[in-house]
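Presented below is the structure to which this report refers.
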Amino acid sequence: MSTSTAGQGLTRARTGVAVRGSGPPLAPRKTRRPGASPLTLGAFAAPALFLVLLINLYPVIYAGWQSLRDGSLIDAGDFVGLQNYADVLTDPTFWAAARFTVVFTLVGVFGSWFVGLALALLLKTRFPVKNTFKLLLLLPWVVPVVVSATAWNWLVATPQSPLPILAEALGLGNVLFLADPLLAKITVCVFKVWISFPFMMMMMAAALESVDNNVYEAAKVDGASKWNTLTNITLPMISRSTYISWILMTIFCVNDFPTIFLLTGGGPVNATQTLVVLSYVTVFQNFQTGPGVAIAFLMTLVLIVISVALYRQIKKVQIL
Amino acid sequence: MVSKSGLTRRSFLALSAAAVAGPAVLAGCGGGGGGGAGGGGSTEPIKFWNMPWGQTAFNPLDQKITEAYKPEAGLPAVTYQVIQWANFNQTFASAVASKTNPAVSSGGGTQVFQYEAQGGIAYVDELYAAWKANGLYDDFLPGLIDTLKVEKGYAAIPYNLDMRVIWVNKVLLDQAGGKVPTDWQSYLNAAEALKKNSVYGYGTGAGAGAYTGQHAIVCWMINNGGGLFDEQKQPNCVTPENIEAVNFVLEMVSKGYVDPASSTYTSANVQTQWKAKKFGLGYDTGGLADNIGGDVAKDIAVISPLTSPSGKKGSLYFPNNIMMYKNNPSIKGSEAFLTYYYQNMAPLWTQNTGIGLPPLKSIAKTKEFQANKDKVRIVEEWVPVARTWAAPGGQANFLNVTTVDATPAMNTFTQSILSGKTDAKSALTKLQADVKATMKS
């Protein structure tokens with residue numbers, strides 16, 4: 001037999017055919033509780049809906065209104081139309097922050113996914129103290145970012161910190177992990193990957209559990225290499241979870257304020273400033289709520305576009 | 001943005017800011033107007049909000065002093081509340097907007113100017129008139145009261161002083177064969193001597209939440225007769241005095257007297273470097289020795305103010321203050337409480353709670369305060385030559401100093417200088433443009 005066994009298994013899985021069964025998948029049966037009229041359901045949902053509107057929608061609308069004014073934290077200011085958006089979009093600081101946000105997000109999403117996937121695959125194998133290892137791997141995610149940032153600061157900030165000492169011992173000289181603009185960018189990106197990979201690892205581990213072992217066995221019988229198994233079976237079969245985790249991590253990265261603010265404050269000389277940090281300092285340090293909120297809205301817009309694009313990608317994937 | 005008595009608050013601000021992210025920026029920006037009309041004779045308790053100005057002992061003692069207040073008949077009692085530095089701007093802004101603000105509060109050093117501009121502050125001119133009669137007015141350190149004078153009156157009362165002074169590690173300087181500097185050239189000589197022992201002669205930090213690095217550069221400017229604002233309260237950064245001062249700092253950077261990682265040092269990193277005996281000389285808060293503690297604290301001391309090439313002395317300081325709000329159940333009651341408070345607040349200093357320097361001569365003269373030679377030197381030698389953000393144009397702060405107090409513009413300016421990748425004129429020109437862009441009309 002050729003690789004067709006594995007291929008058939010994959011095709012079945014993609015088309016919704018159970019690997020061990022045959023025939024079309026059963027359509028979910030529509031059930032309706034007696035007396036559950038739309039009015040009743042609406043009445044049950046109304047309090048929650050009201051709370052959601054009150055807590056989420058009102059502040060967003062109010063913030064939108066503020067983005068059209070030139071106010072401060074304590075003054076509503078005058079209506080200026082879209083001037084704040086125009087000012088923000090013509091400000092080089094905004095575009096510098098936007099560029100680094102893209103880099104930070106790309107590295108954060110794919111770096112943590114790559115590490116998380118690799119560790120999830122490793123955790124599928126059997127080895128001693130696996131559970132302890134798994135627990136330790138979760139620590140960067142579990143520990144509050146304030147603590148992690150302080151720990152990383154201790155690791156890299158001064159020439160007497162452990163990593164600069166190590167770098168000097170390796171003949172690399174006085175490495176300024178946070179003071180050199182390029183190294184600071186790399187450091188915050190690595191820090192982001194470090195605190196995020198456990199989340200990806202959990203997502204990928206859960207997805208890997210859902211892959212039927214028969215598919216792997218079939219691939220093994222067909223003589224598929226480990227690489228082929230990974231690229232032609234594992235990755236396609238966990239693609240839906242992968243896209244979901246990418247959407248979530250993209251949102252986490254774009255909105256990530258503490259990682260950068262605590263480690264570098266956006267410096268040196270704005271080198272590591274992302275849009276969310278720029279938005280914060282504009283509102284709460286420059287007291288310019290209009291431009292600051294405008295930045296936050298532009299960020300939200302970009303996030304929605306990215307999320308919708310990735311979500312559409314998920315819908316194209318037929319398997320789970 | 002604000003000022004305070006030591007590094008703790010600014011550092012804490014940076015950490016606490018971690019609680020705020022993008023969605024919070026979207027949802028958390030409260031607007032609204034100022035308070036309502038001032039009250040007259042209500043017996044509704046007046047609220048006193050105070051900040052954690054010192055160490056853990058500060059607020060309990062402060063509360064004890066406050067709650068010991070016994071109002072005269074017809075005047076309201078006082079309630080006490082600690083307001084944490086975390087997001088304090090939002091706390092006050094939302095309280096004022098919802099008219100649930102305190103009657104009396106401290107807060108950020110420049111906070112009062114924002115509320116005053118909105119018409120929310122009750123001026124303390126009448127209170128000062130009463131204090132002239134009972135001697136309290138004359139008890140303030142010279143020049144201090146006028147730092148809070150605005151066009152319409154006195155906006156607030158000086159409460160504690162956050163000073164920027166030069167510290168030296170005497171042991172390290174002796175080991176290096178250096179002499180305590182008295183002017184800029186001797187400062188360079190001392191830094192050169194320290195460098196031979198791998199000690200930095202300009203210890204500073206301008207990283208996340210560390211604003212002392214910004215202040216230090218402005219200290220050099222003020223020392224040289226410069227500063228950031230002119231008599232019309234307009235930014236005037238590109239002056240010969242400022243250029244000379246920034247060139248002086250750049251010279252120290254190029255000569256290796258500045259730790260190359262300084263531009264991203266947090267306050268904790270700066271203190272670590274002092275503790276590690278890597279910093280031997282530099283500007284810091286008046287509370288540096290208290291903050292670093294241990295054996296090194298005994299080795300460091302405040303030196304006398306330097307004489308600049310222009311022949312002048314000077315430094316930057318922040319008169320933190322207490323303000324009264326117009327939306328107030330009883331202005332008279334608030335004034336009565338403030339009179340009591342200022343007459344009885346001395347234990348906050350004599351019991352060494354960690355608050356900044358006292359505003360009153362009588363407290364500075366107590367034997368407990370006199371026991372700390374560094375603090376005495378600061379009061380006697382640094383306070384008289386210290387200037388506010390308003391320098392060189394004036395001594396009274398005003399609304400637009402908020403554009404330079406812990407702002408991104410100042411941060412970028414400082415980091416660019418400490419990284420040595422700029423020249424004085426370019427850096428000051430950019431600062432001038434950034435400050436102008438964020439100024440309120």
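Each reported figure results from applying straightforward, stated rules to the coordinates on display, with no laboratory input. Nothing here was measured: the structure is a model prediction, and the numbers come from that model. Ideal geometry is used to build each Cβ from the backbone, glycine not excepted, and the neighbour counts take in all protein chains shown.
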Note to self: List the aspartates and glutamates whose Cα sits under 15 Å from the Cα of B:Lys195, skipping any in the same chain fewer than 8 residues away.
What the structure shows: B:Asp174, B:Glu251, B:Asp259
Note to self: Under 21 Å between alpha carbons, and skipping anything fewer than 8 positions from B:Lys312 in its own chain: which lysines qualify?
What the structure shows: B:Lys179
Check: At 222 nm, what helix-only mean residue ellipticity would chain B give, in deg cm²/dmol to the nearest 500, using -39500 (n - 2.57) for each DSSP H run of four or more?
Finding: -11000 deg cm²/dmol
Next item on the list: Using only Cα atoms, locate the centre of the stretch B:80-125 and the centre of the stretch B:310-324, then give the distance between them in Å, rounded to an integer.
Entry: 21 Å
Note to self: Below 8 Å between Cα atoms, with a sequence gap of 6+, how large is the relative contact order for the stretch B:259-339 in percent?
What the structure shows: 15 percent
Next item on the list: Return the calculated 222 nm mean residue ellipticity for chain A, to the nearest 500 deg cm²/dmol, obtained by summing -39500 (n - 2.57) across DSSP H runs with n ≥ 4 and dividing by the residue count.
Entry: -20500 deg cm²/dmol
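Let me check I've understood the local charge: for B:Thr79, count other residues with C-beta under 11 angstrom from its C-beta, Lys and Arg +1, Asp and Glu -1. What total comes out?
-1
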Notebook entry, point to check: Between the DSSP loop rule and a limit of at most 13 other Cβ atoms within 10 Å, which trypsin sites (Lys or Arg not before Pro) in the stretch B:128-198 are left?
Noted result: B:Lys152, B:Lys179, B:Lys196
Next item on the list: Compute the Kirkwood hydrodynamic radius of the stretch B:125-282, taking the inverse of the mean of 1/r over all pairs of distinct Cα atoms, and give it in Å to one decimal.
Entry: 17.9 Å
Check: For A:Leu176, what is the net charge nearby, where nearby means another residue's Cβ is under 13 Å from its Cβ and Lys, Arg count +1, Asp, Glu -1?
Finding: -1
Next item on the list: Give the dimensionless ratio obtained when the Cα radius of gyration of chain B is divided by 2.2 N^0.38 Å.
Entry: 0.96
Item checked: Test item: A:155-163 mean partner chain Cβ contacts at 10 Å -> 4
Notebook entry, point to check: Going by how many other beta carbons lie within 10 Å of each one, how would you line up B:Asp162, B:Asp138, fewest first?
Noted result: B:Asp138, B:Asp162
Next item on the list: Count, for each residue of A:252-258, the Cβ atoms from other chains sitting within 10 Å of its Cβ, then give me the mean as a whole number.
Entry: 3
Check: Most fluctuating residue of B:Gly109, B:Gly201, B:Gly394 in a GNM of chain B with Cα springs under 10 Å: which is it?
Finding: B:Gly394
Notebook entry, point to check: Taking neighbour Cβ counts within 10 Å as the exposure measure, how do B:Glu192, B:Glu231 sort from fewest upward?
Noted result: B:Glu231, B:Glu192
Notebook entry, point to check: What number, in percent, do you get for the relative contact order of chain B if the mean sequence gap of Cα pairs under 8 Å and at least 6 apart is divided by its residue count?
Noted result: 28 percent
Next item on the list: Could you please tell me the mean projected area of the C-alpha convex hull for the stretch A:151-252, averaged over all directions and given in square nanometres to one decimal?
Entry: 9.3 nm²
Checklist line | Of every Cα-Cα pair in the protein assembly as shown, the percent that sits beyond 48 Å | finding: 28 percent
Item checked: Mean separation of Cα contacts under 8 Å (6+ apart) over length of chain A, as relative contact order % -> 28 percent
Check: Which value in Å does the Kirkwood hydrodynamic radius of the stretch A:59-316 take, with 1/r averaged over all unlike C-alpha pairs and then inverted?
Finding: 20.6 Å
Next item on the list: Quick one: order B:Asp139, B:Asp295 by neighbouring beta-carbon count within 10 Å, fewest to most.
Entry: B:Asp295, B:Asp139
Check: Assigning unit charges at the beta carbon (Lys, Arg +1; Asp, Glu -1) and nothing else, what dipole magnitude in debye, to the nearest 20, does chain A show about its Cα centre?
Finding: 1780 debye
Check: Under a straight-distance cross-link criterion of Cα-Cα below 21 Å, which lysines are reachable from B:Lys326, leaving out those fewer than 8 residues away in the same chain?
Finding: B:Lys47, B:Lys99, B:Lys149, B:Lys152
Next item on the list: Please turn the phi angles of the stretch A:80-89 into ³J(HN,Hα) values with the Karplus equation 6.51 cos²θ - 1.76 cosθ + 1.60 (θ = phi - 60°), one per residue in order, whole Hz, x for glycine and proline.
Entry: 10, x, 8, 4, 4, 5, 5, 4, 5, 6
Check: Cα-Cα over 31 Å: which of B:Lys277/B:Lys436; A:Lys130/A:Lys220; A:Lys185/B:Lys278; B:Lys375/B:Lys430; B:Lys275/B:Lys373?
Finding: B:Lys277/B:Lys436; B:Lys375/B:Lys430
Next item on the list: Anything over 25 Å Cα to Cα? Flag those among A:Lys124/A:Lys315; B:Lys170/B:Lys255; B:Lys70/B:Lys367, in the order listed.
Entry: A:Lys124/A:Lys315; B:Lys70/B:Lys367
Next item on the list: Work out the mean other chain Cβ neighbour count within 10 Å for the residues of B:86-94 and drop it here as an integer.
Entry: 2
Checklist line | Area projected by the alpha carbon convex hull of the stretch B:376-424, averaged over all directions, nm² | finding: 5.0 nm²
